[in-house]
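The values are calculated or read from the model by the stated rules, or taken from the named source; none is laboratory data. The model shown is predicted, which means the values in this text are computed figures rather than measured ones. Cβ placement follows ideal geometry from the backbone for every residue including glycine, while neighbour counts extend to all protein chains displayed. Quick note on the areas: whole protein, heavy atoms, side chains included, nothing else; ligands and nucleic acids left out. Shrake-Rupley method; radii C 1.70, N 1.55, O 1.52, S 1.80 Å.
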Amino acid sequence: MFDSVRTAFITGVTGQDGSYLAELLAGLGWEVHGLVRNKPDYHGDPAAKTFTEHQGDITDPSALQRVLRVVQPDIVFNLAGSTSVAKSWEDPAATISTNSTSVATLLELTWRMNQESGTNIRFVQASSAEIFGSATDVPQSEQSRICPVSPYGASKALAHNLVNIYRTRGMFASSAILYNHESPRRPMSFVTRKITSQVARIALGHPETLQLGNLDATRDWGWAPDFVDALYRVGVAAAAEDFIIATGISHSVSDFVRCAFEAAGIDEWERYVCVDPQFVRPADASEMRGNPAKARDVLGWEPTVGFKEMVARMIQHDLLIEEARLGTALNLDGKST
């Protein structure tokens, strides 16, 4: 491990992964700085917000340069960008600007700082399993063919390749190829949080139907705090490399739905679910299942929370939110809770 590292700069610090990473590093005694745009909602615990905010946009080169020179980080964790595969079909150009061009800028700025000052700022890119897209090998490994099937996947593939290019120049630049990872901090725009939040409402008596796209789509789902621990390990590893971060076990969307209803105490879940064509993507990646052997062997990393437990924790969280909301609504009506 690279024990002398003590200052981190995190883009995407207010999101699911960024908030967990900031808390992890602060708990280890690091000085943590984060890029924040227009004071967005913070997905972590406000009481545990232990990073220094720097205003700026990931697509603004001058802002990135200014913040980097102020922070003088030991490691840059790039977690920012568009995270929606579905929305990438609506605006491919914006997705590429956010997920690819900004990475090129951040890598080049970091490279120049290293050259000018003789430092060795490390760079960790949050890559994605979507870079493999229509890969025929299952599970995928670090050697699997990169063949994205969506604008999002293409944007992450370009960023992934850029990291490799800067590594060949001698820069410590690594990609953590993250498979799907969830938590209660996942925004509602993601299908997993859509499922758990609506199942919680159904469990509490709301007459709703859960409308979804392809129920047969399979993904390798893990627990977000586990994946953030992997990001940290990638950053402090002895050498810069690419790592698959996954559980090695895939589940379908229908598996996720079934586990969510079971965790909420509902057995006959099928009658609450219907497929809506508007939620079916123009093209969907084939089975996404990663081989985490390299991360296990080199980083000593292993997932600690299983699939069912992950879903159950998300359901428990959303049940508490919905119960609190209902209690507030009842109090406003002047009725007893």
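Remark: the Glu90-Val138 segment gains 14.4 nm on full extension, using 0.36 nm per residue and subtracting the alpha carbon distance. Rolling a 1.4 angstrom probe over the protein heavy atoms with all chains in place gives the chain an accessible area of 43 Å² per residue. Distant-in-sequence amide contacts of Arg6, defined by a placed amide H-H separation under 5 Å and a gap of 5 or more residues or a different chain, comprise Asp74.
Of the solvent-accessible surface of the chain, computed with a 1.4 Å probe over protein heavy atoms with every protein chain present, carbon and sulfur atoms account for 50 percent.
With R₀ set to 30 Å, the beta-carbon distance separating Leu215 from Asn161 gives a calculated FRET efficiency near 0.35. With all pairs of separate Cα atoms included, the chain yields a Kirkwood hydrodynamic radius of 20.8 Å.
Residue ranges 132-142, 73-83, 93-103 sort as 73-83, 93-103, 132-142 when ordered by packing (mean number of other C-beta atoms within 10 Å per residue, highest first). Given their separation in residues at 0.36 nm each and the Cα-Cα distance between them, Thr7 and Gln72 gain 22.6 nm when the chain is fully extended. Shown is the FRET efficiency for Cys147 and Ala26, computed with R0 = 56 Å from the Cβ-Cβ distance and rounded to the nearest 0.05: 0.90. Shown in residue order for region 258-275 are the 3J(HN,Hα) couplings computed by the Karplus curve 6.51 cos²θ - 1.76 cosθ + 1.60 at θ = phi - 60°: 4, 5, 5, 5, 4, 5, 8, x, 10, 8, 8, 6, 4, 6, 9, 10, 9, 8 Hz (x for Gly and Pro).
The label-point distance for Arg296 and Arg325, in a model that sets each label 7 Å from Cα toward Cβ, rounds to 3.9 nm.
Exposed loop sites were defined as trypsin sites (Lys or Arg not before Pro) in DSSP loop states (anything but H, G, I, E or B) carrying at most 14 other C-beta atoms within 10 Å; in the chain the longest segment without such a site runs 170-334. For the chain, a simple Cβ point-charge model (Lys and Arg +1, Asp and Glu -1, everything else neutral) yields a dipole of about 660 debye relative to the Cα centre.
For the chain, the number of Lys pairs with C-alpha atoms closer than 27 Å, counting only pairs eight or more positions apart or on separate chains, is 11. If you run the Gaussian network model on the chain, springs between alpha carbon atoms under 10 Å, then out of Gly205, Gly18, Gly265 the most flexible one is Gly205. Distances over 11 Å make up what percent of all Cα-Cα pairs in region 61-107? When all Cα pairs of region 61-107 are counted, 71 percent exceed 11 Å.
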